1. Please find, within the stretch 54-73, the residue that is nearest to A352 (Cα to Cα) out of those that are at pLDDT 95 or above and outside any strand (DSSP E or B).
2. What residue, among those in the stretch 366-402 that are out of contact with any helix residue (DSSP H, G or I) (no Cβ under 8 Å at 6 or more places or on another chain) and under 20 Å from R90 (Cα atoms), is surrounded by the most Cβ atoms within 10 Å (Cβ to Cβ)?
3. Name, by its number, the condition in (1) open to solvent by less than 20 Å² (accessible area, probe 1.4 Å); (2) over 22 Å from T437 (Cβ atoms); (3) within 23 Å of the chain's Cα centre (by Cα); (4) not β-branched (V, I, T) that does not hold for G241.
4. Restricting the search to the stretch 378-390, which residues are over 23 Å from A342 (Cα atoms) and either touching a Ser or Thr at 6+ places or on another chain (Cβ under 9 Å) or among the hydroxyl-bearing types (S, T, Y) (or both)?
5. Please verify whether the stretch 254-263 includes one or more residues that are buried (at least 17 other Cβ atoms within 10 Å of the Cβ), under 19 Å from E182 (Cα atoms) and either in contact with a Cys (Cβ under 9 Å, 6 or more places away or on another chain) or touching a residue at least 60 places away in the same chain (Cβ under 8 Å) (or both).
6. Among what's in the stretch 211-239 and is in a strand (DSSP E or B) and in contact with a Lys or Arg (Cβ under 9 Å, 6 or more places away or on another chain), pick the residue that is nearest to G135 (Cα to Cα).
7. Using beta carbons and a limit of 6 Å, which pairs, at least six apart or on different chains, have the first residue in the stretch 198-226 and closer than 23 Å to P435 by Cα and the second one open to solvent by less than 10 Å² (accessible area, probe 1.4 Å) and small (G, A, S)?
8. Starting from residues that are among the small types (G, A, S) and over 30 Å from T386 (Cβ atoms), keep the ones in the stretch 411-448 and report whichever is least open to solvent (accessible area, probe 1.4 Å).
Amino acid sequence: MIFIQDKVFRALVVALMALAIAGCGPSSAPSDEVQSEALISESNDSEPETESQLPAGDPIRIGALFPLSAPGSVVGGEAMRDAMIIAAERINAAGGLLGRPVELIVVDSEGLPERGAAVTERLISQDGVVAIAGGYHSSVGVVAKEVAHDNNIPIVLANTWNDTITSVQYPQVFRIAPLSSEVSAVDVKFIQWLRDEAGIQLDKVVILTENTDYGIPAAADTSRLLEAAGIEPVTFGVDIGTQDFAGIIERIKAEEPDFIMSLATGEASYNFAQQCADAGIGPQDLPTLCEHVALESESFWRNVPDGNYCFVRRIGLPPQLYNDIALEFLAEYEARTGKEGAESYAFAAYDAVRIIAQAITEAGTTDPNDIIAALEEISYEGALGTITFPINSRNTPQDAGVDPKWWHQFPDPAVTVVQYQRQGEDSVGATVVFPHTYQTGDPIVVGQ
């Protein structure tokens with residue numbers, strides 16, 4: 001059972017699910033509600049009867065938090081939403097949780113911290129969720145963790161990287177996304193590799209970053225590591241949702257960089273990449289690391305037709321190493337969305353819901369303290385691999401001799417760099433150029 005509060009998406013899913021429910025008998029539900037393995041309705045609608053094959057009883061509600069409106073990354077949020085719906089449907093098809101149906105309640109953070117805090121509070125105080133999954137923008141994750149902590153509700157964050165989200169060591173907060181500082185380290189190792197192994201001139205890197213809890217620390221970590229490697233960093237900051245980069249692009253051109261890195265999220269990153277291309281410093285002119293929303297291939301090519309040769313950071317194992325769970329999810333995701341492949345944050349969103357479900361099952365209750373205890377002990381086999389949280393209340397960062405950022409942190413998310421090497425290709429088939437362990441081909445370096 002899935003409970004969606006997004007009106008636009010409700011209409012879309014009703015259309016998409018029409019074939020799936022064809023042949024079902026009449027329902028007592030109002031005409032604008034759909035019954036199958038998912039319930040799609042407004043939060044204040046009366047609940048229709050469940051079908052006989054679904055679990056019965058009062059639903060167990062799980063919150064789903066991501067951006068579905070600008071200035072947030074809409075395409076990223078939509079991917080996460082589709083993945084979570086698949087997860088909830090599969091849970092219900094397998095009998096639900098504790099013999100009861102799962103009810104997934106979707107809220108739109110808009111990528112804004114104040115909005116994120118408000119809808120997280122609503123999920124807990126009004127909708128009665130027992131746990132929350134999701135998160136895309138770090139600024140939302142930073143405030144959502146406070147709401148979850150204050151209300152003692154477990155939250156599993158799937159795509160928020162800011163180190164402080166876990167370093168505060170709240171019992172309620174878990175993360176299966178990578179740490180921002182660790183991703184920055186991979187970025188700089190990749191740039192060093194281009195310089196030292198591929199023989200590319202890389203004396204100066206320009207970083208375009210958004211002034212958010214994601215962009216500011218990521219740019220700072222990257223700059224520090226670049227300087228340590230003997231590479232000059234130059235950072236330009238913009239507000240989230242910026243659309244016109246003309247002035248900044250002129251300043252970037254004046255710097256005469258050897259490499260451009262984008263840390264602007266969402267559709268703004270598309271605009272920056274294409275406007276750079278129009279100005280003669282785009283991905284086909286200078287080596288460019290595009291922000292990872294470029295993995296949304298259809299949206300990327302539609303908005304950045306001159307984006308070929310863009311490098312893109314991808315989280316998660318490359319397709320040739322997908323396990324059976326990942327392949328099963330991928331097939332269903334492609335069928336639902338019409339895409340060729342699934343983005344890294346879609347895999348993470350799918351796992352975030354299912355890891356909560358496993359914790360509830362193992363706890364045998366929806367009591368938040370018991371769910372938290374089960375998450376600390378969990379070994380979950382998911383689309384991202386085997387997920388555990390080894391740094392926890394029984395093995396604290398102090399005990400383990402590690403930085404506090406590893407608290408309730410999945411320690412092994414794979415981070416790779418892929419490159420579009422053919423106009424219009426899908427990111428799933430894009431060449432993995434770094435690191436060597438996962439490499440499927442050599443990088444094409446422009447402007448040298």
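1. P67
2. G385
3. Every listed condition holds for G241 apart from (1).
4. I378, S379
5. Checked against the condition, which is being buried (at least 17 other Cβ atoms within 10 Å of the Cβ), under 19 Å from E182 (Cα atoms) and either in contact with a Cys (Cβ under 9 Å, 6 or more places away or on another chain) or touching a residue at least 60 places away in the same chain (Cβ under 8 Å) (or both), the stretch 254-263 yields at least one hit.
6. Across the stretch 211-239, the extreme among qualifying residues is F236.
7. I207/A219; A218/S180; A218/S184; D221/S184; T222/S184
8. Among those that are among the small types (G, A, S) and over 30 Å from T386 (Cβ atoms), it is G424.
The values are calculated or read from the model by the stated rules, or taken from the named source; none is laboratory data. Predicted model only: the values in this text are computed from it and were never measured. FYI the Cβ positions are ideal-geometry reconstructions off the backbone, even for glycines, and counts take in every protein chain you see. Note: accessible area is taken over every heavy atom of the protein model, side chains too, but ligands, DNA and RNA are not part of it. Shrake-Rupley method; radii C 1.70, N 1.55, O 1.52, S 1.80 Å.
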